[in-house]
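Structure first, then comments.
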Amino acid sequence: MMKRFDLFDTIVESLEWIRVSIDAGTKKSYDDLRVTNSSNNFDVVISNIKKLIERKKELKSNIIIGVGFVVTQDNYNEVIDFANLFKDIDIDYCQFKPEIIQIERNGTQDDKKQQISSEFWAYKIIDLLNEASQILGKKFESNAYKIEDLIVDQDNYGRGYKECIGSQFQPCIGADGHVYVCTNHRGHKKYSYGNLYEESFKKIWGNIKKKQKIMNLINKKEKFCNCTQLCKPHESNKMLWSIKNNLKNKEAIKDLKKKSKEIGSSLVHKNFI
């Protein structure tokens, strides 16, 4: 679409950051995965990324341009190909993250996909990511916390919190106009706070009783049984639950503020969380 509608300058001049999902290290794998055609295949995408970088430099823009690779059982053997592909392309970062099975969209009980076993991440992926890090240097980025939860805690995947507080900081607006609890629950109307075609976002978001009712369903009745492990608000939930349980601990809060400053100065952009 960048080339078709000549969007390069618009993107470079209008956005703070953009990340292009690739999820493959070779032309064949990408074209097979995306079911592409001659106007929208692997070569076109790579050419467009290079053109975007070129215009960034020419216009002296500060836009951050990244590429993403979701590691799965089908493409993990191309992690190094992906790293080598972008090591000499002047991209700002290459992000690797594990595939997370969304149970909300998981078919019938008989054909439900399960989260990939911890052995896969521990014995097949870690060494590949370490090698990719060596190849890419400062351009390497990884959702390491998700991989850690997949490996260390096979039962709860790091979900030690009892409330989904993170969702109250990052709601999801669906294409149908509904304001959902989170991106994982989009499309499921019982997790909708309201619809933008009927009310303003301010009014929907300010309806505390409606929000409490839905969160009570998730937190106390369902107890996350209909929620994907390592969901979108997962990492935020871990931190916020810790904060909630340490609000009266002055040393813990002091340490948290210190760490917050350190993390803030090192993030390429805050949306990584």
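The values are calculated or read from the model by the stated rules, or taken from the named source; none is laboratory data. Only a predicted model underlies this, so the values are computations on that prediction, with no experimental measurement involved. Glycine also receives a Cβ, built like all others from the backbone with ideal geometry; neighbour counts cover every protein chain displayed. The accessibility values were calculated without ligands, DNA or RNA, using every heavy atom of the protein model including side chains. Shrake-Rupley method; radii C 1.70, N 1.55, O 1.52, S 1.80 Å.
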Exercise for the section: Kindly indicate whether any position in the stretch 239-246 is modelled with pLDDT of 95 or more and either exposed (fewer than 14 other Cβ atoms within 10 Å of the Cβ) or in contact with a Leu (Cβ under 8 Å, 6 or more places away or on another chain) (or both). Expected result: no
Problem - Failed criterion for Asn184 (all others in (1) open to solvent by less than 70 Å² (accessible area, probe 1.4 Å); (2) of a type outside the set (A, V, I, L, M); (3) touching a Cys at 6+ places or on another chain (Cβ under 8 Å); (4) modelled with pLDDT of 90 or more hold) - result: (4)
Problem - Among residues of the stretch 211-225, those that are over 30 Å from Glu99 (Cβ atoms) and either open to solvent by less than 30 Å² (accessible area, probe 1.4 Å) or among the β-branched types (Val, Ile, Thr) (or both), counted - result: 1
Problem - Whichever residue in the stretch 60-75 is within 25 Å of the chain's Cα centre (by Cα), open to solvent by 30 Å² or more (accessible area, probe 1.4 Å) and not acidic (Asp, Glu) and, among such residues, is farthest from Trp17 (Cα to Cα) - result: Gln73
Practice task
With the condition kept exactly as written, say whether any residue in the stretch 155-169 is free of Cβ contacts under 8 Å to residues at least 40 places away in the same chain and either surrounded by fewer than 15 Cβ atoms within 10 Å (Cβ to Cβ) or over 21 Å from Lys221 (Cβ atoms) (or both).
Solution key: yes
Practice task
Pull up the stretch 14-59, narrow it to residues that are among the acidic types (Asp, Glu) and either more than 24 Å from the chain's Cα centre (by Cα) or surrounded by 13 or more Cβ atoms within 10 Å (Cβ to Cβ) (or both), then point me to the one that is farthest from Gln73 (Cα to Cα).
Solution key: Glu58
Practice task
Could you list all residues from the stretch 206-221 that are assigned to a helix (DSSP H, G or I) and more than 19 Å from Asn237 (Cβ to Cβ)?
Solution key: Ile208, Lys209, Lys210, Lys213
Fill in the blank from the handout: Flagged pairs (Cβ under 7 angstrom, 6 or more apart or on separate chains; first in the stretch 183-202, β-branched (Val, Ile, Thr); second surrounded by 13 or more Cβ atoms within 10 Å (Cβ to Cβ)) are Thr183/Cys172; Thr183/Lys232
Fill in the blank from the handout: Within the stretch 152-186, the count of residues that are touching a helix residue (DSSP H, G or I) at 6+ places or on another chain (Cβ under 8 Å) and on the phi > 0 side of the Ramachandran plot comes to 2
Exercise for the section: Return a yes/no flag: does the stretch 226-238 have any residue that is without any contact (Cβ under 8 Å) to a residue 60 or more places away in the chain and open to solvent by 50 Å² or more (accessible area, probe 1.4 Å). Expected result: no
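From the list Ile126, Ile135, pick out the single residue that is within 20 Å of the chain's Cα centre (by Cα) and at pLDDT 90 or above.
Matching residue, one of Ile126, Ile135: Ile126.
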